[in-house]
Protein chains: 2
Amino acid sequence: MSVSEKNQPEASEVRERILDAAEELFAEQGFDAVSLRQITTRAEVNLAAVNYYFGSKGGLVVEVLARVVGPINQRRLQMLDEAETQAAGQAVEVETILAAVFRPVIVSMNESEHSRQVVMKLAGRCMSEAGSEMPEAMRRLFREVADRFCASLSKALPRLSAAEVFWRMHFTIGSMLYALTQHETLVLLSDGKVLADDAEKALEELVAFTAGGLRAQNAKEGAGK
Amino acid sequence: MSVSEKNQPEASEVRERILDAAEELFAEQGFDAVSLRQITTRAEVNLAAVNYYFGSKGGLVVEVLARVVGPINQRRLQMLDEAETQAAGQAVEVETILAAVFRPVIVSMNESEHSRQVVMKLAGRCMSEAGSEMPEAMRRLFREVADRFCASLSKALPRLSAAEVFWRMHFTIGSMLYALTQHETLVLLSDGKVLADDAEKALEELVAFTAGGLRAQNAKEGAGK
DNA sequence: ATACGTTTAAAACACTTGTTTTAATTGTCA
DNA sequence: TGACAATTAAAACAAGTGTTTTAAACGTAT
């Protein structure tokens, strides 16, 4: 009988070390590319411990993801709550909504002891890598925030049809994920014009770009050439 | 001595079948997830044929990618050429530049016999999946188009600094890739409000969004609150 | 037909993967 | 202290990977 059947909140020396090691490795190389032996070696733990504590590699992935993404999504909802109560029934400004989606990633990045890149890449991978086989648990984790932000955006952009809101949320997510996972590429390609490690600047640019995209004229309405 | 050392353009029955099968499978599941046995089985070809014709799995990946992305990039440059000569020294409109980046994917999609999704996902994966270990050959394939479009965009958006052009090209690419690779997710999440298989509509929405993002006010200039 | 280079075929190779099994160790409560 | 569960450890397992080897078949020009 494994420890995972216990009801009390699971906490164990080696369990934590496995989660920490897996988090870093997954962020660097992706879920499939990392082997259990890599993880257990870095964690200085026996190989079988992973299956003992998490049942399978898949179980470990889910727990790593939940531990990173859970607090981020929680803070997202909280920030949106505050913005909406402050708006008192009126529509929240687009930039404020976007900041509520993006900023929690930075916050979570700063308050944990992880290297900056880890949180960013992990959060990104969990959506881009896990196509349709993304476990149900994850889908549920994201469903609430997606619905809330969809509603909030629809209210802020009454000119857009429901379908258009979906399209543009989609593009917004794409911009965010690419920024999270491919930041080094940008730094590299820009020849020093874009600095690494300036998360605030990245947030600023991301909000500006996506806000512009969300507010853009309808394709049809546009310049009647 | 393998056939790949010959100087004449390589063309062979089984070679083509391998490329076709690999293309589909890579698009569906990604490069690492697909095994050589899957490929050779679908191609109805002996396992060793892959190493015979392509040297290694990596060699196969490169050739598949080049065969898909090469023509797309060629058409991109051609469309941009036409737009720039027509503009006669003046800046090309942002929407026109974006269409020159995005439309070739659709064109390539329609003229080949591949299933629609194949080209889209493959083109997407080749940038999102191959982080920094993307082979040099690929980097060179994309370098020219990236440079050309960067220059064209800078001219069309003189208000933006060089760094900001990089940032926004980055987000633009992210939107495109996410649209290419995660289109099914969007269709699914939208509850029928967004239709699959409507590439023209997708292009239209993508251009509208990214044009809006590119033209957005600077973060600093924005609403002086 | 013989010989030769090219291509296909089958099998084996060396290695890695996630997972189990089995045994030893540890800690805790009666 | 003794007993029982939880945990750690080491080894083996079965399956799959890319690649190489070896031999057979093929086609073509001498």
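The values are calculated or read from the model by the stated rules, or taken from the named source; none is laboratory data. Computed from a predicted model, the values in this text were never measured in an experiment. All Cβ positions, glycine included, derive from the backbone under ideal geometry; neighbour counts span all protein chains shown. Areas reflect the complete protein model, heavy atoms only, side chains present, ligands, DNA and RNA absent. Shrake-Rupley method; radii C 1.70, N 1.55, O 1.52, S 1.80 Å.
Could you figure out which of (1) modelled with pLDDT of 95 or more; (2) of a type outside the set (S, T, Y); (3) part of a loop (DSSP other than H, G, I, E, B); (4) open to solvent by less than 60 Å² (accessible area, probe 1.4 Å) isn't true of B:H114?
(1)
Determine whether B:D147 is more than 8 Å from chain A (Cβ to nearest Cβ) and part of a loop (DSSP other than H, G, I, E, B).
The answer is no for B:D147.
Within region B:159-172, identify whether any single residue is at pLDDT below 90 and charged (D, E, K, R), and answer yes or no.
No - not one qualifying residue is present in region B:159-172.
Quick one: is B:S152 at pLDDT 95 or above and polar (S, T, N, Q)? Reasoning before the result, please.
Details: at pLDDT 95 or above: yes; polar (S, T, N, Q): yes.
Yes: the conditions hold for B:S152.
Mind telling me which of the residues B:E200, B:E164 ends up being touching a residue at least 24 places away in the same chain (Cβ under 8 Å), part of a helix (DSSP H, G or I) and more than 8 Å from every other protein chain (Cβ to nearest Cβ)? Reasoning before the result, please.
On the way: B:E164 fails: more than 8 Å from every other protein chain (Cβ to nearest Cβ).
None of the others qualify; the one that does is B:E200.
Give me the pairs, please: first residue somewhere in region A:30-43 and more than 14 Å from chain B (Cβ to nearest Cβ), second residue anywhere and away from DNA strand D (no atom under 13 Å from the Cβ) and assigned to a loop (DSSP other than H, G, I, E, B), beta-carbon distance under 7 Å, and either six or more positions apart or on two chains.
none
Name every residue in region A:51-90 that is of a type in the set (D, E, K, R) and either closer than 17 Å to A:F26 by Cβ or within 16 Å of DNA strand C (Cβ to nearest atom) (or both), in order of residue number.
Step one: of region A:51-90, the residues of a type in the set (D, E, K, R) are A:57, A:63, A:67, A:75-76, A:81-82, A:84.
Across region A:51-90, the qualifying residues are A:K57, A:E63, A:R67.
For A:V45, only one of the following conditions fails: (1) more than 10 Å from DNA strand C (Cβ to nearest atom); (2) not in a loop (DSSP other than H, G, I, E, B). What is its number?
With (1) more than 10 Å from DNA strand C (Cβ to nearest atom); (2) not in a loop (DSSP other than H, G, I, E, B) applied to A:V45, the lone miss is (2).
Here is a check on your reading of the model: is A:A100 surrounded by fewer than 17 Cβ atoms within 10 Å (Cβ to Cβ) and away from DNA strand C (no atom under 11 Å from the Cβ)?
No; evaluated as a whole, the condition is false for this residue.
Whether any residue in region B:170-178 is closer than 20 Å to A:T172 by Cβ, within 19 Å of the chain's Cα centre (by Cα), surrounded by fewer than 18 Cβ atoms within 10 Å (Cβ to Cβ) and of a type outside the set (S, T, N, Q) is what I want to check. Lay out the reasoning, then the answer.
Restricting attention to region B:170-178, the residues satisfying the condition of being closer than 20 Å to A:T172 by Cβ are B:170-178.
With the extra rule that they be within 19 Å of the chain's Cα centre (by Cα), the set shrinks to B:170-178.
Next, only the ones that are surrounded by fewer than 18 Cβ atoms within 10 Å (Cβ to Cβ) stay: none.
Looking through region B:170-178, none of the residues is closer than 20 Å to A:T172 by Cβ, within 19 Å of the chain's Cα centre (by Cα), surrounded by fewer than 18 Cβ atoms within 10 Å (Cβ to Cβ) and of a type outside the set (S, T, N, Q).
Can you name the residue in region A:167-183 that is more than 7 Å from every other protein chain (Cβ to nearest Cβ) and in a helix (DSSP H, G or I) and, of all such residues, is farthest from B:T181 (Cα to Cα)?
My answer is A:H183.
Could you list all residues from region B:35-58 that are within 9 Å of DNA strand D (Cβ to nearest atom) and either modelled with pLDDT under 95 or polar (S, T, N, Q) (or both)?
Once the filter is applied, which keeps residues that are within 9 Å of DNA strand D (Cβ to nearest atom) and either modelled with pLDDT under 95 or polar (S, T, N, Q) (or both), region B:35-58 yields B:S35, B:Q38, B:T40, B:N46, B:N51, B:S56, B:G58.
What residue, of A:Q78, A:Q90, A:Q86, is closer than 23 Å to A:L177 by Cβ and either open to solvent by 40 Å² or more (accessible area, probe 1.4 Å) or without any contact (Cβ under 8 Å) to a residue 24 or more places away in the chain (or both)? Steps first, please.
Working: A:Q90 fails: closer than 23 Å to A:L177 by Cβ; A:Q86 fails: closer than 23 Å to A:L177 by Cβ.
It is A:Q78.
What do you reckon, is A:E133 at pLDDT below 90, within 16 Å of DNA strand C (Cβ to nearest atom), under 30 Å from A:E16 (Cβ atoms) and surrounded by fewer than 20 Cβ atoms within 10 Å (Cβ to Cβ)?
Judged against the criteria, A:E133 is a match.
Anything in region A:150-161 that is assigned to a helix (DSSP H, G or I) and among the polar types (S, T, N, Q)? List them, or say none.
Of all residues in region A:150-161, those assigned to a helix (DSSP H, G or I) come to A:150-156.
Passing the criteria: A:S152, A:S154.
Regarding B:R37, is this residue assigned to a helix (DSSP H, G or I), away from DNA strand C (no atom under 14 Å from the Cβ) and basic (K, R)?
no
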